[in-house]
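Worksheet for the structure shown next.
What follows is calculated from the coordinates using simple rules that are stated; it is not laboratory data. None of the values given here were measured: they were computed from a predicted structure. As a convention, Cβ positions derive from the backbone with ideal geometry for all residues, glycine included, and neighbour counts pool all protein chains shown.
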Amino acid sequence: MNEIELIRAQLNLERQHASAVVRACAGALGNAMADAPFRTTSVEYLAWILSRFEEREQVFRELLRKRFAAQDAHRRAVEAALALPGSNREALAKLEAALGTSSDAPRWSEFLHFFSGPWSTRRDEIDRLFAAHARVPDWRTVSAIDADSIVDERNRWARVKATMPVDIELSSNTAGV
């Protein structure tokens, strides 16, 4: 496996884990899980991962501005993708709204719908455009994946799994997301 494949695998794993946490939250936190440790670890994980994706997009945008002229077709395509609905900031705002109503299952379902719909669609398009033109140093710079970040993600994921209620399944399968 080459370096780009390793980075892509980690990015994919982060998305899978985030999707699993969102699905579990929609199933558990919308009900009677308001003060459980699972709520805390899940929300911390989601806020952390969404912030990392937001940072990556900002670095990608700056890289794009340095490399391509304003009228370049690739730059315009990426700018259009970055302007699509489903931003990380929108996801964080919807997460915050769901947190404000921990016993309101529809808010958590709304967050799940947003995450698996507009957020995921936007992410797919940005990832596709990035992969089409990125060089190895770009992957390193934009992803910010290194040994420390991998360990940090694994530790956060392990905390979520450790606090998972026994009656809720936490699957990293992304089918439908």
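I'd like the residue in the range 60-75 that is within 16 Å of ALA132 (Cα to Cα), among the hydrophobic types (A, V, I, L, M, F, W, C) and touching a Lys or Arg at 6+ places or on another chain (Cβ under 9 Å) and, out of all such residues, is surrounded by the most Cβ atoms within 10 Å (Cβ to Cβ).
Checking each candidate, the answer is LEU64.
Out of the range 80-104, which residues are surrounded by fewer than 16 Cβ atoms within 10 Å (Cβ to Cβ) and touching a residue at least 60 places away in the same chain (Cβ under 8 Å)?
If the condition is that a residue be surrounded by fewer than 16 Cβ atoms within 10 Å (Cβ to Cβ) and touching a residue at least 60 places away in the same chain (Cβ under 8 Å), then SER103, ASP104 are the ones that fit.
Does PHE68 satisfy the condition of being more than 21 Å from TRP119 (Cα to Cα), without any contact (Cβ under 8 Å) to a residue 12 or more places away in the chain and among the hydrophobic types (A, V, I, L, M, F, W, C)?
On the way: more than 21 Å from TRP119 (Cα to Cα): yes; without any contact (Cβ under 8 Å) to a residue 12 or more places away in the chain: yes; among the hydrophobic types (A, V, I, L, M, F, W, C): yes.
Yes: the conditions hold for PHE68.
Just checking: which of the helices (runs of 4 or more DSSP H) contained wholly in the range 114-171 hold 3 or more residues that are farther than 30 Å from PHE38 by Cβ and either in contact with a Gly (Cβ under 9 Å, 6 or more places away or on another chain) or free of Cβ contacts under 8 Å to residues at least 60 places away in the same chain (or both)?
Values: elements: 120-133, 136-143, 147-163.
So the answer is 120-133.
From the list ALA77, ALA20, pick out the single residue that is touching a residue at least 12 places away in the same chain (Cβ under 8 Å), assigned to a helix (DSSP H, G or I) and closer than 25 Å to LEU112 by Cβ. If you could, list the steps in order and put the result at the bottom.
Details: ALA77 fails: closer than 25 Å to LEU112 by Cβ.
Selected residue: ALA20, the only one of ALA77, ALA20 that is touching a residue at least 12 places away in the same chain (Cβ under 8 Å), assigned to a helix (DSSP H, G or I) and closer than 25 Å to LEU112 by Cβ.
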